[in-house]
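Here's the structure, in structure tokens; my notes come after.
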Amino acid sequence: MPDERIRDTSVPPRERLRECIWRLLEPFGAPAEARELWTNLLRMFAEAEADTNTRAGYAVLMAEAERRVGAWLAILEEEGALPRGDNARRTDLLLTIVDGLSIARAMPLSEMHLENEVATLSLAVDAVFDVDFPLRPMP
């Protein structure tokens, strides 16, 4: 997952995070590509008959996505651009938005779907910066 600009402090932090998150949507391409990719993902990973190795492969993909997004958030925290907080919850929010946008891309309801995606992703990134995500106490 590309993150080449996350450390570029000449670019505003929200823009850097938005760009990195946006790149997670690139594999979904145009609506036809997104439909095909989601169909294959669901066929491979969500079928009841999926074997243990297939499910483990999906878990690895999800863990890597969580690790990358968490690392981007940690970088922004370290530079003081993002208030300290629960990056696991922030990551979950952002990846849930990416999942939803990728599904919406597979079945767009209007010609404005790309503009709507940008607006929704921007709102999610703003929430990460503006909403208090307090650290949860250790159990």
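The values are calculated or read from the model by the stated rules, or taken from the named source; none is laboratory data. What you see is a predicted model; the values in this text were computed from it and never measured. Cβ: placed from backbone, ideal geometry, glycine included. Neighbour counts: every protein chain shown. The accessibility values were calculated without ligands, DNA or RNA, using every heavy atom of the protein model including side chains. Shrake-Rupley method; radii C 1.70, N 1.55, O 1.52, S 1.80 Å.
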Worksheet item: Quick check, is L135 open to solvent by 90 Å² or more (accessible area, probe 1.4 Å) and part of a loop (DSSP other than H, G, I, E, B)?
Response: yes
Discussion item. Out of everything in region 70-119 that is modelled with pLDDT under 95 and of a type in the set (V, I, T), what residue ends up being least open to solvent (accessible area, probe 1.4 Å)?
Written reply: V98
Worksheet item: Among the candidates V69, V131, which residue alone is under 29 Å from P13 (Cα atoms) and free of Cβ contacts under 8 Å to residues at least 40 places away in the same chain?
Response: V131
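Quick grid of which residues meet (1) acidic (D, E); (2) at pLDDT below 85; (3) touching a Cys at 6+ places or on another chain (Cβ under 7 Å):
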{"residue": "V11", "(1), (2), (3)": "no, no, no"}
{"residue": "E19", "(1), (2), (3)": "yes, no, no"}
{"residue": "P31", "(1), (2), (3)": "no, yes, no"}
{"residue": "L41", "(1), (2), (3)": "no, yes, no"}
{"residue": "E49", "(1), (2), (3)": "yes, yes, no"}
Discussion item. Take the conditions more than 25 Å from A88 (Cβ to Cβ), of a type in the set (S, T, Y) and in contact with a helix residue (DSSP H, G or I) (Cβ under 8 Å, 6 or more places away or on another chain) and apply them to T39. Does it pass?
Written reply: no
Item to complete: Go through region 12-28 and count every residue that is farther than 14 Å from V98 by Cβ, surrounded by 13 or more Cβ atoms within 10 Å (Cβ to Cβ) and without any contact (Cβ under 8 Å) to a residue 40 or more places away in the chain.
Response: 1
Worksheet entry | Single condition R7 does not satisfy, out of (1) open to solvent by less than 40 Å² (accessible area, probe 1.4 Å); (2) out of contact with any Pro (no Cβ under 7 Å at 6 or more places or on another chain); (3) in a loop (DSSP other than H, G, I, E, B); (4) in contact (Cβ under 8 Å) with a residue 40 or more places away in the chain | (1)
Discussion item. Would you confirm whether or not region 21-39 contains a residue that is within 11 Å of A106 (Cβ to Cβ) and β-branched (V, I, T)?
Written reply: yes
Item to complete: Looking only at region 36-55, decide whether some residue is outside any loop (DSSP other than H, G, I, E, B), out of contact with any Lys or Arg (no Cβ under 6 Å at 6 or more places or on another chain) and closer than 25 Å to R5 by Cα.
Response: no
Worksheet item: Does G100 satisfy the condition of being within 16 Å of the chain's Cα centre (by Cα) and closer than 22 Å to D126 by Cβ?
Response: yes
